[in-house]
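What follows is a set of notes on a single structure, which appears directly below.
Bear in mind these aren't lab numbers, they're just calculated from the coordinates by the rules spelled out. Predicted model only: the values in this text are computed from it and were never measured. Note that each Cβ is placed from the backbone with ideal geometry, even for glycine, and that neighbours are counted across all protein chains shown.
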């Protein structure tokens, strides 16, 4: 038995560091998963599970399906949040596995000690990326797509080397699951097509494997097309309009790049640049083609950002695909004795993460109340108090024998609908969305409990086509460590659409 083999059979310093990094991440996620109320998107996708369907207005159904077993038994939010934490753990382990095996396609990354270090760097890069923690606590479609993208990248690498039939079957299943997770799964699918055509040429299409993969993927995404066919293809229309955004502006692209640096960390960017430089210098064509898993979704999202049609977490799967490459490049850079620069980047990212965790725990800057100008625009306040407010709104509706709650924006409706279940929640705006499909229009002449929130306050919905009157019936202050971070106001609003038939939901009379 060689020394290298012996090291793989017994715990080493690398093993302890690996489990230390993973344990730290899981501890952070479990802590905040039990401390914070749901974010806007989290609650929206938990409602997917509560109102199970073949698909939904704004996203495919997998994000709801995977939560359904826990939601149906009434599991607490902290328990349901174990799902994204498990996905984060699996993503870390798979990123490490890929990092350990890239030496097969990249010359110069084969030294055993350097490979072991690359495996650790893969996990460390994920742990030090602030936005990755958001996706690890709250289950979003991107959380699913991150793990699936790594799986697709690994299968694509194996198919590029040895296109055996079982790998084509795995590819079809993974593509189908990715399509059920998010519509942007078309981007890693495009990367796979280009990689395999570059590697094998058009002759690969004369084998049964690609067609088996296509059939399997198509069968798995059938529920999405079935649901859309029954709903006038509204999901596809929405996604096209949502992605188009508004007038393209360079300053939006510049802001997007700046946010990406903070959200995923300069260390990951440094590693990515070093990896690309090394791959180009060594002419590692197969490894270079795998970078399409990063380049295609990142460039598409960056372009959409110029029109205001993208969000920072959309690039999460792309950055995760880059992580194994960046990890190997950083390991190589470290073994070349560039310690000072790497340590500086690690410290900078650790400080960013710690500051973010402190702000989450204290709900913003410690000592700043909601009456302070910064407190009035405190984004962290969005993660506190919704469970109490939703319960209070439901109790008020039951006490007054009112069968609905109403808000002025869908971002308020998702949390209110989750925490006030099973009470109907209506959104009083002119935007057609999933809530219109779930709850319909508010009936003319009906009363409702209208909820206003201090961090996104709206005028009372009275006047033409609105309620006849609204009277304040309760006020709820959300406290954290002895200070008020936000408040909710509850109104009894009477006689919806008293003056004329309501047009607020974008319907024609």
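Structure above, values below:
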{"quantity": "Taking 268, 167 and counting other C-beta atoms within 10 Å, the order from fewest to most", "calculated": "167, 268"}
{"quantity": "Simple spin-label estimate for residue 468 and residue 207 in nanometres, 7 Å along Cα-Cβ", "calculated": "7.4"}
{"quantity": "Ranked list, fewest to most other Cβ atoms within 10 Å of each Cβ, for 203, 395", "calculated": "203, 395"}
{"quantity": "Ranked list, fewest to most other Cβ atoms within 10 Å of each Cβ, for 137, 273", "calculated": "273, 137"}
{"quantity": "Contour excess over end-to-end distance, with Cα ends at residue 249 and residue 387 and 0.36 nm allotted per residue", "calculated": "45.8 nm"}
{"quantity": "Reported label for calculated Cα extents along the principal axes in Å given [x] 81, 57, 47; [y] 73, 56, 43; [z] 62, 54, 45", "calculated": "[x]"}
{"quantity": "Label-to-label distance, nm, for residues given as residue 226 and residue 78 (7 Å Cα→Cβ offset)", "calculated": "3.8"}
{"quantity": "Calculated [θ] (222 nm, deg cm²/dmol) that DSSP helices of n ≥ 4 give over the chain, each run adding -39,500 (n - 2.57)", "calculated": "-19500 deg cm²/dmol"}
{"quantity": "Length released on extending from residue 262 to residue 401, taking residue separation times 0.36 nm less the Cα-Cα span", "calculated": "45.2 nm"}
{"quantity": "FRET efficiency for residue 233 and residue 299, using Cβ-Cβ distance with R0 set to 25 Å, rounded to 0.05", "calculated": "0.40"}
{"quantity": "Using alpha-carbon coordinates, inclination of helix 82-101 to the longest axis of the chain, degrees", "calculated": "20"}
{"quantity": "Helix 266-281 vs. the chain, principal-axis angle (Cα, 0 to 90°, nearest 10)", "calculated": "40"}
{"quantity": "On Cα atoms only, tilt of 410-419 relative to the major axis of the chain in degrees", "calculated": "90"}
{"quantity": "Distance between the range 441-467 and the range 177-216 - C-alpha centres, whole angstrom", "calculated": "49"}
{"quantity": "Euclidean distance between Cα centres, the range 106-154 to the range 379-436, Å", "calculated": "37"}
{"quantity": "Ordering of 210-217, 284-291, 328-335 by burial proxy (mean other Cβ atoms within 10 Å per residue, highest first)", "calculated": "328-335, 284-291, 210-217"}
